[in-house]
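Colleague: So that we are looking at the same thing, I have put the structure below in structure tokens.
The values are calculated or read from the model by the stated rules, or taken from the named source; none is laboratory data. For clarity, every value in this text was computed on a predicted model and none was experimentally measured. Backbone-built Cβ (ideal geometry, glycine too); neighbour counts: all protein chains shown.
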Amino acid sequence: MRILLIEDDTLIGDGLKIGLEKLGFTVDWFTDGLDGQEALYQAPYEAVILDLGLPGRDGLSILKHWRNSRRNEPVLILTARGDVDQRIAGLNSGADDYLGKPFSLLEVQARLNALIRRQTGQLSPQIFYRGVSFDPQTKKVCKDGKEVTLAPRETALLELLLHNKNKVLSKETIENKIYSWDDDVQSNAVEVHVHHLRKKLGRDIVKTINKIGYIMEDV
């Protein structure tokens, strides 16, 4: 899942980027408000982590701009601990959730997963498909009750397809969802990941739609 992070505190931003990437997210990090605001229009993000005190343009102004432009990506705002007025202002401006500083990385992960689950209409914390179960919080994958080890990109692809069941995703869409701008993407990367998923989870786990893309289809 690709996340947009806008945070000017380098210690917090670096910790979030590294930590979330270790947990399986793809993260694009911006420290300037205006740059972060425009980034939302340049890539498909599942959610945004937005600090309020930013150089260039403050977080509340960015959030109001997005909502006035009919952008509905889930936004988790970061506020100073105990600053109730900031939290209220953020929620009234269109934020979906807030988190006070300092915070736990696992709580950020849990809140992001909840926002993404709500956005995609997924009610259960776990996702099931053709004998496969996936837990977005732990990234644990099981096939017919037995745990299966996937590489990080394979896990990211599985999660993406599970969140978009019955939707055909093009190769370009998949690349944009599971890779950041900093990644060096091989031309056949998606095909390789799909091949590995089929090998580990069954040949029918992902269906290829010729010259269009890939789908996990309920039949």
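Colleague: Which of (1) buried (at least 18 other Cβ atoms within 10 Å of the Cβ); (2) modelled with pLDDT under 95; (3) farther than 18 Å from Ser133 by Cβ does Leu169 not meet, given it meets every other one?
Modeller: Tallying (1) buried (at least 18 other Cβ atoms within 10 Å of the Cβ); (2) modelled with pLDDT under 95; (3) farther than 18 Å from Ser133 by Cβ, Leu169 fails exactly one: (2).
Colleague: Kindly evaluate Leu60 against the criterion of being in contact (Cβ under 8 Å) with a residue 40 or more places away in the chain, over 16 Å from the mean Cα position of the chain (by Cα) and crowded, with 20+ Cβ neighbours inside 10 Å.
Modeller: It is false that Leu60 is in contact (Cβ under 8 Å) with a residue 40 or more places away in the chain, over 16 Å from the mean Cα position of the chain (by Cα) and crowded, with 20+ Cβ neighbours inside 10 Å.
Colleague: For the stretch 31-47, name all the residues that are buried (at least 20 other Cβ atoms within 10 Å of the Cβ), out of contact with any Phe, Trp or Tyr (no Cβ under 7 Å at 6 or more places or on another chain) and not acidic (Asp, Glu).
Modeller: Gly33, Gln37, Tyr45, Ala47
Each row is one residue, and each column tells you yes or no for (1) surrounded by fewer than 16 Cβ atoms within 10 Å (Cβ to Cβ); (2) over 22 Å from Tyr129 (Cβ atoms).
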position	(1), (2)
Asn176	no, yes
Val185	yes, yes
Val194	no, no
Met216	no, no
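Table: residues versus (1) part of a helix (DSSP H, G or I); (2) under 14 Å from Leu112 (Cβ atoms); (3) not acidic (Asp, Glu).
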| residue | (1), (2), (3) |
| --- | --- |
| Ile3 | no, yes, yes |
| Asp14 | yes, no, no |
| Glu21 | yes, yes, no |
| Gln42 | no, no, yes |
| Tyr45 | no, yes, yes |
| Arg57 | no, no, yes |
| Arg71 | no, no, yes |
| Ala89 | yes, no, yes |
| Ala95 | no, yes, yes |
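Colleague: Which condition breaks for Asp8 when tested against (1) under 17 Å from the mean Cα position of the chain (by Cα); (2) in a loop (DSSP other than H, G, I, E, B); (3) not basic (Lys, Arg)?
Modeller: With respect to (1) under 17 Å from the mean Cα position of the chain (by Cα); (2) in a loop (DSSP other than H, G, I, E, B); (3) not basic (Lys, Arg), Asp8 is out only on (1).
Colleague: I'd like to verify a number: residues in the stretch 107-124 that are free of Cβ contacts under 8 Å to residues at least 24 places away in the same chain and either surrounded by 13 or more Cβ atoms within 10 Å (Cβ to Cβ) or in contact with a Gly (Cβ under 9 Å, 6 or more places away or on another chain) (or both), how many?
Modeller: Of the residues in that region, 2 qualify.
Colleague: Under the condition of being acidic (Asp, Glu) and either under 25 Å from Val27 (Cα atoms) or under 20 Å from the mean Cα position of the chain (by Cα) (or both), which residue from the stretch 125-154 is surrounded by the fewest Cβ atoms within 10 Å (Cβ to Cβ)?
Modeller: Asp135
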